[in-house]
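For reference, the structure is listed below as structure tokens.
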Amino acid sequence: MSERVISRPDRRTPSRRSLLAVALVAVSSVALVPTAAAAGPVDRPARPGGAADPARADGRAAPASAAAVAGSGRATGAADMAEAIAAQRGISRDAAEKLLRAEDSHVRLANRLTTELGASSGGAYLSDGALVVTVTDAAAAAKVTAAGATARLVARGERQLRTIQRTLEAAASEPGTTWGVDPATNQVVVSLPASGAKNAVQRSAARRFGTAVRFETGTGPIQPNVGISSGDSLGGCSAGFTATDYTFNYIITAGHCTQGYPHWTLPNGQDVGPSLESNYPENDFGLIWMNGPSVWATGTINLWNNTSRSIHGWATAVSGLSVCNSGRTTGFRCGSVLKTNVTVNGAGGTVRQMIETNICTLGGDSGGPLFAGNTGYGLNSHANRNGSQCNSSPRTWHQPVGEAITTYQVVIYGAP
């Protein structure tokens, strides 16, 4: 995956309070405004003492001070998400809360089992609140059952399906084409634009794989969610997750936001800091150094209803997971993960390993966090929006946040 280092800022070391204080001026998902003031390439400041504690591989970070957490008034439960999911699915709030608790546990078990099973795994998904792990042999099925999940025998392992996916990605395609594995049907799913001169090439390339490939018709162009607004001539994005390496604090956002935008301020003019790194296309994540004199990391997400959500770490999403997105344009919206590891041929280039959801997002939402409960999953990247309107069948693709955290050697800020 590509990595682009953008520039070297003045070496202003943040004050110690920025490692502990919980202030609301730079909470995740605030609108960010790029400024042209800090021109010229800069590279990332050295990080004394390395970076994240290697033992914290789950994405957890140094805790905020007890006094700061106690005085923040932030929500730490999943009540707000439960309310949204209950309304969306026509179930009671109690049922939604029970579902979300179960899904959080299932995701972590799915991450562990699919890793342990290796080539015998066909992938995992959530169905009616239950975890299903697909497997290619009886021994793997026994391990899944013993772990408390439902095992289902399938013809093809996930590694085989990924190989088929990569083969199809290599064939000529139109912008708006996506490729991903659907573990529930044990197939590679190719979504083609409604009309395209190269659609026939994709269908021809898939013939030799028979029923391992399924085609769908996409709904609308796929484009990055950068928004243009009056008084903001360079565009606008949303902050994703605040992060730390125990020396400096950062904002992780979309790479197509940091690419070409060397410096950031808040809409009220407060200085945030410079873009340090940008990984786009192929990936879509970037890093902003929070070295402004009055912006602090918070470890929370703005829910756009006078409440916030604390984030305690990150995990790898699975199909069927209930998730929410927060962004400067559409605010707080919830939906479900449809597929993972999706490749998107979008207007700005190809991005890979995306999380696909049915949440509507619009221009300006790019970089905003995808999360469930207190766990981070991704960064808003691309959507099939109709200009400034939601598509009737919305699809949004999110960059998995774990890849950004691993690449930049940081951890989620403020986690216990």
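Can you name every residue in the range 95-116 that is more than 22 Å from the chain's Cα centre (by Cα) and open to solvent by 20 Å² or more (accessible area, probe 1.4 Å)?
Ala95, Glu97, Lys98, Glu116
Report the residue count in the range 186-204 for those that are more than 15 Å from Thr219 (Cβ to Cβ) and outside any helix (DSSP H, G or I).
The total comes to 5.
For the range 364-416: of the residues being under 17 Å from Gly349 (Cα atoms) and of a type in the set (Gly, Ala, Ser), which is surrounded by the most Cβ atoms within 10 Å (Cβ to Cβ)?
Filtering the range 364-416 for residues that are under 17 Å from Gly349 (Cα atoms) and of a type in the set (Gly, Ala, Ser), the one surrounded by the most Cβ atoms within 10 Å (Cβ to Cβ) comes out as Gly367.
Do we have any residue at all in the range 280-290 that's among the small types (Gly, Ala, Ser) and crowded, with 24+ Cβ neighbours inside 10 Å?
So far as the range 280-290 goes, yes, one or more of its residues are among the small types (Gly, Ala, Ser) and crowded, with 24+ Cβ neighbours inside 10 Å.
Out of contact with any helix residue (DSSP H, G or I) (no Cβ under 9 Å at 6 or more places or on another chain) and within 16 Å of Ala404 (Cα to Cα) - does that describe any residue in the range 267-276?
No, that holds for no residue.
Could you tell me whether Arg328 is basic (Lys, Arg) and open to solvent by less than 10 Å² (accessible area, probe 1.4 Å)?
The answer is no for Arg328.
Scanning for something within 15 Å of the chain's Cα centre (by Cα), farther than 21 Å from Ile359 by Cα and buried (at least 21 other Cβ atoms within 10 Å of the Cβ), does the range 265-276 turn up at least one residue?
No, the range 265-276 contains no residue that is within 15 Å of the chain's Cα centre (by Cα), farther than 21 Å from Ile359 by Cα and buried (at least 21 other Cβ atoms within 10 Å of the Cβ).
How many residues, within the range 337-363, are open to solvent by 30 Å² or more (accessible area, probe 1.4 Å) and of a type outside the set (A, V, I, L, M)?
Selection size over the range 337-363: 6.
Working only within the range 316-343, note down all residues that are more than 29 Å from Ala130 (Cβ to Cβ) and not basic (Lys, Arg).
Scanning the range 316-343 gives Gly327, Thr329, Thr330, Gly331.
Can you tell me how many residues in the range 179-222 are touching a Pro at 6+ places or on another chain (Cβ under 9 Å), over 16 Å from Gly346 (Cβ atoms) and open to solvent by 30 Å² or more (accessible area, probe 1.4 Å)?
Residues that pass the stated criteria total 1.
Within the range 300-332, restricting attention to residues that are on the phi > 0 side of the Ramachandran plot and at pLDDT below 90, which residue is nearest to the chain's Cα centre (by Cα)?
Trp304
If I ask for residues that are more than 16 Å from Gly367 (Cβ to Cβ), out of contact with any Phe, Trp or Tyr (no Cβ under 6 Å at 6 or more places or on another chain) and open to solvent by less than 10 Å² (accessible area, probe 1.4 Å), which ones from the range 301-314 would you list?
Arg309, Ser310, Gly313
The values are calculated or read from the model by the stated rules, or taken from the named source; none is laboratory data. It should be emphasised that the depicted structure is a prediction, and the values quoted were computed from it without experimental measurement. A quick note on method: Cβ atoms are made from the backbone with ideal geometry, for glycine too, and the neighbour counts reach across all protein chains shown. The protein model used for the area step is the full one, side chains on, heavy atoms only, and it has no ligands, DNA or RNA in it. Shrake-Rupley method; radii C 1.70, N 1.55, O 1.52, S 1.80 Å.
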